[in-house]
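The values are calculated or read from the model by the stated rules, or taken from the named source; none is laboratory data. All values derive from a computational prediction rather than experimental measurement. Ideal geometry is used to build each Cβ from the backbone, glycine not excepted, and the neighbour counts take in all protein chains shown.
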Amino acid sequence: MTTLNHRFSIAQSTSPMGAYLPSHTSVPVFAKKTLRIVYLKIITAIFAVIFFHPVAAGEQVPFGDKVSANIVNYHRHTPQIATSGKLLAGAVEEIQKHGFKTVLDMRTPKEGTEEEGELVKAAGIQYLNIPVTKAWPEPDVFARFKSVIENQKNHPILIHCASANRVGMMWSAYRIEAGIDRKLAILEGQTIGMKSSREKQLIENVGAK
């Protein structure tokens, strides 16, 4: 198995809340799952505070209940970062209304990136494309992903692909290399939309056990 250490040039800063329930705990399984979700929410909040400066409410990405089904599988991950699947008709106008500055599209050209790019740019929003194919991404793809999402000039940002599967995988890999507990990083990716096929790919290449 390979490692992504050379793919991300970032400090390995373990989250202060990087705890998870040990396997020997005697609490019921449903309680373990509930507590893991609580841990995830706490760590996500801490991540937002550590990596991003506080922003005014009007500059934050909307919660899911404020977004229509035109933005498929939408998820507000931090106050400045949201993820989703495909953008349907009317989605670009909605993104503009919510004040997004950047759309990062993880799809390939044959999936309609050129057309979407024109629509997004016409709405006055920055459009960036980092294609992710079925194969495991090359080092430069991870480097570009990191650079884009950590650049506050791009915020608020919406990261999307066709279903949020690729986005979830990229996010989990990024978080693991940032020092976040692997189980929680994978849970974050699953919450975004990472499916079993991409999770398997992640584990094979990052060793996310």
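A Cβ distance below 8 Å, combined with a sequence gap of six or more or placement on separate chains, defines the contacts here; from region 91-118, residues that are free of Cβ contacts under 8 Å to residues at least 40 places away in the same chain reach residues that are among the aromatic types (Phe, Trp, Tyr) in the pairs 116/127; 117/127.
Residues that are assigned to a loop (DSSP other than H, G, I, E, B) and surrounded by fewer than 20 Cβ atoms within 10 Å (Cβ to Cβ) within region 80-97 comprise 86, 88, 89, 90, listed in sequence order. Pairs meeting the criteria (first residue in region 139-151 and at negative phi and touching a residue at least 24 places away in the same chain (Cβ under 8 Å), second residue buried (at least 16 other Cβ atoms within 10 Å of the Cβ) and basic (Lys, Arg), beta carbons under 6 Å, at least 6 apart or on different chains) are 139/7; 142/7.
Candidates 141, 120, 132: the one that is out of contact with any strand residue (DSSP E or B) (no Cβ under 6 Å at 6 or more places or on another chain), modelled with pLDDT of 95 or more and buried (at least 19 other Cβ atoms within 10 Å of the Cβ) is 132.
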